[in-house]
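Have a look at the structure that comes next, please.
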Amino acid sequence: MPLLASRRVLLGLVAAGTVTLLALPVASPAWAADPAADLVSSTAAEAIQIVKANPPGPARQAAIQRVLQTKFDLAYMGQSSLGANWNKTNEAQRARFLKAVETAEARAYSERFGQYEGQTLTVGKVTPRANGVFIVESKLNQTNGQPVKLEWEVRDAGRGLRITDVKIEGVSMVMTRRSDFNSYIQNNGGTVEPLINELEARAAR
Amino acid sequence: MDAGLALMIASLSKAVTAGVYRSAVAAAVAATVLGGCASSGDTGAAEVWDPIETPNRFVFAINRTVDMIAIRPVAVLYRDWVPEPAQKSVRNLLDNLGEPVTAINEVFQGDPSRAATTMARFFVNSTLGLAGLFDVATSFGMPRTKEDAGQTIGMWAGKGVEPENGGFYLVLPLVGPSNARDATGLMIDYAIDPFQILPIAFNWDWWWFSVPRFGLTVVDARSRTMFALDDLEKNSVDYYAALRSAYTQNRAELIRAKREKANTQSELERRDNLALVR
């Protein structure tokens, strides 16, 4: 569909897909002392091991899901991705929503890559920001093609230091989800229930 | 009577001009306000300003249909059957034809030395690189940059305008996601492109130049966006909204990088602060 938009944009969009935390082995001695950088490095290393060891399928998906549960703050990400709509939900809906999102993410990440293609992740500068957020810059080096810019948002929201967002060439996963979910909610009566049903239906597939 | 008519026309055109001016101001104010909202979150933009969502979704649907029937299948064949080095050369060739536009934009972005490098790249690749088929300039230490007029406008849009705010969101036929800023940029880039002007000026046979360039651009671009767009489509509940957000964020990132580099004042202040700390 988008065809002739400027090449940079297209590159960015390509990047948005080509990349994920999945395919990243790690080389980052320079910043190894920083806990936020460590978290990113170890997550990438773990993910790459999983992709190398498991072909796409339930085993890989389960392993990826464990990484998401231990390294990412899925509750925080889920709440952010609902934005203001979070307040419209009750406890039961929140639990269902978070569970469906977790399954969806695990599946998306495990299906995204057929097999390991030699990518490496170079962790760069760590910038501490207000309210305890760390921005970890990194570069995904591919065997063919341009390196891809990845930015990790790391924070402690009560569950220890966890990853709360990944930006690929400037495109935030959480932000994109929020727009996506919000638009779906607006077009389906303004309540969160249809969205949760849709996500659960997809997770069951 | 003639005088009366002239007066009427004059006052009418004045009223129209005033109206246009007012609505332009209103649009600018609205854009600024919305842009301001966008910056409050830690992750950047809030919702993209999309006042013509219904027509946009209509064009989006047509684009998807055309893509499904005609463009995507060709791009898949191209990606899977054309040898990798050939694809790379096609990309180099198209990139090389785009260098003059990048250079002009770099001048207007206040970076003439970068523009000079881009032109040097263009001359090296056009000759040693066999009409741009090979990117030898990069191996000579002149890496490639790509700038467009949308970025140039965004860079100079001023402090009050967040890079996320490119005016109203717009889905262009065939081209796809855009906005007021980037669509304007697209027209400017088209108008200043020597490889659009020369074929007209010298009456080149468009069948041998413009058509192949256009066709290759479409196929090359589509094959490279395939992975990302398929992924986004599969993993979103509202593909239109997800793409709108991703496009806006990606453009904002590029413009923000430009602005931060160009903002020498803040750079100087930063150094001053460092000096004070020491």
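The values are calculated or read from the model by the stated rules, or taken from the named source; none is laboratory data. Remember, it's a predicted structure, so these values are computed and weren't measured experimentally. Every residue, glycine as well, gets a Cβ built from its backbone with ideal geometry; the counts of neighbours run over all protein chains shown.
Mind counting the residues in segment B:145-166 that are in contact with a helix residue (DSSP H, G or I) (Cβ under 7 Å, 6 or more places away or on another chain), surrounded by fewer than 22 Cβ atoms within 10 Å (Cβ to Cβ) and not β-branched (Val, Ile, Thr)?
Residues meeting the conditions: 2.
Let me ask you something else. Anything in segment B:243-261 that is at the interface with chain A (Cβ under 7 Å from one of its Cβ atoms) and surrounded by 22 or more Cβ atoms within 10 Å (Cβ to Cβ)? List them, or say none.
Those that are at the interface with chain A (Cβ under 7 Å from one of its Cβ atoms) and surrounded by 22 or more Cβ atoms within 10 Å (Cβ to Cβ): B:ARG244, B:SER245, B:ALA246, B:TYR247, B:GLN249, B:ASN250, B:ARG251, B:GLU253, B:LEU254.
Further question on the same structure: A:TYR184 is checked against (1) farther than 25 Å from A:ALA75 by Cβ; (2) not in a loop (DSSP other than H, G, I, E, B) and fails just one. What number does that condition carry?
Of (1) farther than 25 Å from A:ALA75 by Cβ; (2) not in a loop (DSSP other than H, G, I, E, B), only one is false for A:TYR184: (1).
Does A:LYS71 count as touching a residue at least 24 places away in the same chain (Cβ under 8 Å), charged (D, E, K, R) and closer than 17 Å to A:SER42 by Cα? Spell out how you get there, then give the answer.
Numbers: touching a residue at least 24 places away in the same chain (Cβ under 8 Å): yes; charged (D, E, K, R): yes; closer than 17 Å to A:SER42 by Cα: yes.
When the stated conditions are applied, A:LYS71 passes them.
Right, another one. Of all residues in segment A:100-114, how many are in contact with a helix residue (DSSP H, G or I) (Cβ under 7 Å, 6 or more places away or on another chain) and either within 10 Å of another protein chain (Cβ to nearest Cβ) or at pLDDT below 80 (or both)?
Selection size over segment A:100-114: 6.
Which residues, taken from segment B:225-252, are over 30 Å from A:GLU200 (Cβ atoms), out of contact with any Pro (no Cβ under 6 Å at 6 or more places or on another chain) and touching a residue at least 40 places away in the same chain (Cβ under 8 Å)?
B:ARG251 - this is the single residue of segment B:225-252 that is over 30 Å from A:GLU200 (Cβ atoms), out of contact with any Pro (no Cβ under 6 Å at 6 or more places or on another chain) and touching a residue at least 40 places away in the same chain (Cβ under 8 Å).
Still on this model: Could you please find all residues in segment A:135-156 being within 12 Å of chain B (Cβ to nearest Cβ) and within 18 Å of A:LEU74 (Cα to Cα)?
Listed by number, the residues that qualify are A:ILE135, A:GLU151, A:GLU153, A:ARG155.
If you scan segment A:52-66, which residues turn out to be buried (at least 18 other Cβ atoms within 10 Å of the Cβ) and over 16 Å from the mean Cα position of the chain (by Cα)?
Hit for segment A:52-66 is A:ARG60, nothing else.
Can you name the residue in segment B:184-207 that is within 11 Å of chain A (Cβ to nearest Cβ) and surrounded by fewer than 20 Cβ atoms within 10 Å (Cβ to Cβ) and is also farthest from B:LEU94 (Cα to Cα) among such residues? Please lay out each step first, then the result.
Of segment B:184-207, the ones within 11 Å of chain A (Cβ to nearest Cβ) are B:185-186, B:189-190.
When the remaining residues are screened for being surrounded by fewer than 20 Cβ atoms within 10 Å (Cβ to Cβ), the result is B:186, B:190.
Working: B:LEU186: 16, B:TYR190: 14 Å.
It comes out as B:LEU186.
Residue by residue, here is whether (1) hydroxyl-bearing (Ser, Thr, Tyr); (2) more than 28 Å from B:ARG259 (Cα to Cα); (3) under 12 Å from the mean Cα position of the chain (by Cα) holds:
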site	(1), (2), (3)
B:LYS159	no, no, no
B:GLY176	no, no, yes
B:ALA183	no, no, yes
B:ILE200	no, yes, no
B:TRP207	no, yes, no
B:LEU216	no, yes, no
B:SER223	yes, yes, no
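Please enumerate the residues belonging to segment B:51-83 that are closer than 9 Å to B:VAL171 by Cβ and not β-branched (Val, Ile, Thr).
Once the filter is applied, which keeps residues that are closer than 9 Å to B:VAL171 by Cβ and not β-branched (Val, Ile, Thr), segment B:51-83 yields B:PRO55, B:ASN56, B:ARG57, B:PHE58, B:PHE60, B:ASN63.
Same structure, new question: Can you report the number of residues in segment A:49-81 which are touching a Ser or Thr at 6+ places or on another chain (Cβ under 7 Å), assigned to a helix (DSSP H, G or I) and under 21 Å from A:THR176 (Cβ atoms)?
Of segment A:49-81, the ones touching a Ser or Thr at 6+ places or on another chain (Cβ under 7 Å) are A:56, A:60-61, A:64, A:67, A:71, A:73, A:76-77.
Cutting the leftovers down to assigned to a helix (DSSP H, G or I) gives us A:60-61, A:64, A:67, A:71, A:76-77.
In the following step, the residues that additionally are under 21 Å from A:THR176 (Cβ atoms) were identified as A:64, A:67, A:71, A:76-77.
Counting residues in segment A:49-81 that are touching a Ser or Thr at 6+ places or on another chain (Cβ under 7 Å), assigned to a helix (DSSP H, G or I) and under 21 Å from A:THR176 (Cβ atoms) gives 5.
Oh, and also: Residues that are crowded, with 16+ Cβ neighbours inside 10 Å, at pLDDT below 90 and either touching a Pro at 6+ places or on another chain (Cβ under 8 Å) or of a type in the set (D, E, K, R) (or both): does segment B:117-133 have at least one?
no
List every residue pair whose Cβ atoms sit under 6 Å apart, with the two residues 6 or more apart in sequence or on different chains, where the first one lies in segment A:48-61 and is under 15 Å from A:THR120 (Cα atoms) and the second, anywhere, is of a type in the set (Gly, Ala, Ser) and at pLDDT 85 or above.
Taking only residues 6 or more apart or on different chains, the pairs are A:ILE50/A:ALA63.
From A:ARG205, A:ARG162, grab the single residue that is closer than 16 Å to A:GLU105 by Cβ and out of contact with any Asp or Glu (no Cβ under 7 Å at 6 or more places or on another chain). Write out each step before concluding.
Working: A:ARG162 fails: out of contact with any Asp or Glu (no Cβ under 7 Å at 6 or more places or on another chain).
The match here is A:ARG205.
Now a separate question. Being within 9 Å of another protein chain (Cβ to nearest Cβ), more than 20 Å from A:VAL101 (Cα to Cα) and not charged (D, E, K, R) is the requirement here; does A:GLY160 meet it?
On the way: within 9 Å of another protein chain (Cβ to nearest Cβ): no; more than 20 Å from A:VAL101 (Cα to Cα): yes; not charged (D, E, K, R): yes.
Here the answer is no, as A:GLY160 does not meet what is asked.
Another question about this same structure. What is the residue count in segment A:147-170 for residues that are in contact with a helix residue (DSSP H, G or I) (Cβ under 7 Å, 6 or more places away or on another chain) and more than 23 Å from A:ARG66 (Cα to Cα)?
Our first condition is that a residue be in contact with a helix residue (DSSP H, G or I) (Cβ under 7 Å, 6 or more places away or on another chain); within segment A:147-170, this holds for A:148, A:152, A:154-157, A:161-166, A:168-170.
Narrowing the set further to residues that are more than 23 Å from A:ARG66 (Cα to Cα) leaves A:148, A:169-170.
The number of residues fulfilling the criteria is 3.
Kindly indicate which of A:VAL171, A:VAL136, A:VAL154 is in contact with a Phe, Trp or Tyr (Cβ under 9 Å, 6 or more places away or on another chain), under 30 Å from B:GLU84 (Cβ atoms) and modelled with pLDDT of 90 or more.
The match here is A:VAL171.
Here's a follow-up. Which number in (1) part of a strand (DSSP E or B); (2) in contact with a Ser or Thr (Cβ under 7 Å, 6 or more places away or on another chain) marks the one condition that B:SER178 misses?
(2)
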